[in-house]
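Inspection log for the structure reproduced underneath, given as structure tokens.
The values are calculated or read from the model by the stated rules, or taken from the named source; none is laboratory data. Fair warning: this is a prediction, and the values are worked out from it, not measured in the lab. A quick note on method: Cβ atoms are made from the backbone with ideal geometry, for glycine too, and the neighbour counts reach across all protein chains shown. Ligands, DNA and RNA are stripped out before the accessible areas are found, and what is left, the full protein with its side chains, is counted by its heavy atoms. Shrake-Rupley method; radii C 1.70, N 1.55, O 1.52, S 1.80 Å.
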Amino acid sequence: MNRLYTLLFLSLAALTTSAQTLGDQDGDDEQAASEGLHYRVEMQASLSTGDHEPLWLNANKYGLSSLDKSNGYLRASLQRPLQNDEGRKWGWGAGLDAAVAYGFTSSFVLQQAYVEGRWLHGVLTVGSKEYPLELKNPRLSSGSQTLGINARPIPQVRLALPDYYALPFTKGWVSLKGHIAYGRPTDEGWQKDFTGRQSRYDEGTYYHSKAGYIKIGNDYRFLPVSLELGLEMGAQFGGTSYNTGYGYPVKNEGGLKGAWHAFIPGGGETVEQGSAYENASGNQLGSWLMRLNFDYDTWYLGLYADHFFEDHSAMFFLDYDGYGSGPEWDVKKKHRYFVYSLKDIQLGLDFRLKQNAWINNLLVEYLYTKYQSGPIYHDHTRLLSEHVCGLDNYYNHNLFTGWQHWGQAMGNPLYTSPLYNDNGTIEFRNNRFVAWHFALAGSPNYNLSYRLLATFQRSLGTYTQPFADPQATQHLLAEANYRFSYYSPLNGWTVKAAVAADFGRTYGKNLGFQLTIAKTGTIFNSKKTKK
């Protein structure tokens with residue numbers, strides 16, 4: 001462990017020296033290359049009583065967290081943001097962010113390592129990078145259901161239009177942004193250790209995500225109302241799945257064909273190809289998003305929705321159900337469809353007071369996931385032509401280990417992550433629930449800020465493995481952050497303290513305290529260009 005600590009800080013020192021050297025070089029281009037090299041050194045320690053660390057001390061931290069009752073890390077990062085080249089046609093950025101930890105699934109975590117380039121409005125990023133929530137408040141929300149901030153970043157190649165770009169022919173009233181990414185998870189070793197190779201695990205799988213958002217409204221005109229609509233989708237494909245119940249390892253569709261079917265859902269699982277019940281290959285899921293903004297001089301109100309889906313029945317609320325009978329049991333004979341209800345949804349209200357320091361942000365969310373297209377799954381047969389695609393089983397999959405990375409849900413953490421399982425299985429054992437989430441934040445002065453979270457959840461387990469009785473759970477958090485002022489000798493230092501608790505049967509009774517100390521700054525040594 002001591003060697004890891006030494007290695008981390010030697011690496012930071014080397015990066016710092018390199019950055020200062022860049023700053024000493026002659027010429028405008030060389031000097032610009034070193035402007036805005038930001039560093040951050042952070043120490044965090046957590047101590048809890050109960051079964052494990054409370055939910056809101058470990059959730060929505062991009063996976064740099066732990067369930068152990070005693071855990072901590074030392075973290076160092078150096079980044080050059082793309083914003084340094086704002087105003088140019090091109091730009092570049094890079095980042096390196098690592099931590100040495102105790103009580104974690106790994107003693108060394110390479111949290112971020114990436115390079116990226118921008119041409120005009122498009123950005124290409126290669127590597128692992130933390131991406132923020134879209135259309136939600138990242139500090140107060142419980143999280144998105146598809147592309148969340150709860151798990152470690154996946155190394156990927158990502159092509160994005162990261163900021164809204166106004167379509168020219170709309171005179172600024174319609175804007176678009178989005179991304180397409182392909183990557184490779186890094187948790188194969190953890191999966192084998194966690195399962196002991198006695199239950200389902202994956203090897204060699206790939207990750208895909210894509211998203212598109214449209215904004216209707218003009219920020220440059222006096223119209224404080226705008227509407228944002230979005231579609232987020234994710235997929236897992238390729239590789240080999242073990243201990244799936246088929247009696248042999250299943251090699252999933254990969255290569256260019258698998259990547260294409262991840263982008264546009266299609267093809268079929270290798271164990272189903274040629275049968276009448278062929279489904280799209282890979283683990284496909286996503287969310288429809290909406291946010292309505294009212295942005296005035298003194299206050300802001302955002303109303304938003306996030307509808308999650310695992311397949312086309314929940315995506316389009318419709319599925320074909322007009323097959324024939326007898327010899328024509330697999331022939332589409334009628335214009336008949338099964339219509340699904342819009343029950344599963346995340347609804348939110350985000351209210352901000354721009355001139356009130358003590359209480360400046362209030363957020364309320366409601367999350368319902370009990371429906372999942374209903375409790376019945378029946379493919380049409382020779383004897384019964386009815387076709388009902390229920391039992392969606394959110395975040396789980398019959399071949400892949402589900403929408404998780406290093407045991408943490410890649411979406412919303414209220415879906416109980418596999419890391420909580422004590423039986424060595426990588427599956428979500430609690431995905432049917434109703435939850436209310438409340439958050440409050442404020443900044444009494446420039447230096448001090450706080451946030452309060454309270455979540456009340458009633459869980460039913462899953463359709464296939466329901467809890468014997470509904471389980472009520474409460475999650476609480478109180479957190480304060482103090483930033484030393486510019487004129488203070490401790491300028492650049494922040495201290496954050498948090499107390500959190502869990503109550504209820506799903507997570508047990510837990511009480512925890514967390515302390516985080518960080519130092520940030522910019523490495524830059526300006527020097528006039530020689531004449």
Looking only at region 362-384, which residues are surrounded by 20 or more Cβ atoms within 10 Å (Cβ to Cβ) and either under 18 Å from residue 294 (Cβ atoms) or in contact with a Ser or Thr (Cβ under 6 Å, 6 or more places away or on another chain) (or both)? 363, 365, 373
Among strands (runs of 3 or more DSSP E) completely within region 259-357, the ones holding 2 or more residues that are out of contact with any Ser or Thr (no Cβ under 6 Å at 6 or more places or on another chain) and of a type in the set (Phe, Trp, Tyr) are 283-295, 299-309, 337-339
Test: residue in region 418-428 that is closer than 22 Å to residue 245 by Cβ, touching a strand residue (DSSP E or B) at 6+ places or on another chain (Cβ under 7 Å) and assigned to a strand (DSSP E or B): no
Within region 304-331, track down each residue that is farther than 29 Å from residue 235 by Cβ and open to solvent by less than 60 Å² (accessible area, probe 1.4 Å). 324, 326, 329
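Every residue, every condition in (1) touching a Phe, Trp or Tyr at 6+ places or on another chain (Cβ under 9 Å); (2) more than 26 Å from residue 134 (Cβ to Cβ), yes or no:
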| residue | (1), (2) |
| --- | --- |
| 331 | yes, yes |
| 335 | no, yes |
| 353 | yes, no |
| 361 | yes, no |
| 367 | yes, no |
| 383 | yes, yes |
| 392 | yes, no |
| 402 | yes, no |
Which condition from (1) touching a residue at least 40 places away in the same chain (Cβ under 8 Å); (2) surrounded by 17 or more Cβ atoms within 10 Å (Cβ to Cβ); (3) more than 20 Å from residue 341 (Cβ to Cβ) is the one that residue 253 breaks? (1)
I'd like the full set of residues that are open to solvent by less than 40 Å² (accessible area, probe 1.4 Å) and over 30 Å from residue 374 (Cβ atoms), limited to region 428-442. 439, 441, 442
Could you list, in sequence order, the residues of region 456-476 that are touching a helix residue (DSSP H, G or I) at 6+ places or on another chain (Cβ under 8 Å) and open to solvent by 60 Å² or more (accessible area, probe 1.4 Å)? 476
Residue in region 38-77 that is nearest to residue 154 (Cα to Cα), counting only those that are among the hydroxyl-bearing types (Ser, Thr, Tyr), in a loop (DSSP other than H, G, I, E, B) and open to solvent by less than 30 Å² (accessible area, probe 1.4 Å): 65
Tell me which residues, restricted to region 153-169, are of a type in the set (A, V, I, L, M, F, W, C) and open to solvent by less than 60 Å² (accessible area, probe 1.4 Å). 154, 160, 161, 166, 167
Exactly one condition in (1) in a helix (DSSP H, G or I); (2) under 18 Å from residue 411 (Cα atoms) is not met by residue 190; state its number. (2)
Across region 79-101, what is the total count of residues that are open to solvent by 20 Å² or more (accessible area, probe 1.4 Å) and in contact with a Ser or Thr (Cβ under 8 Å, 6 or more places away or on another chain)? 1
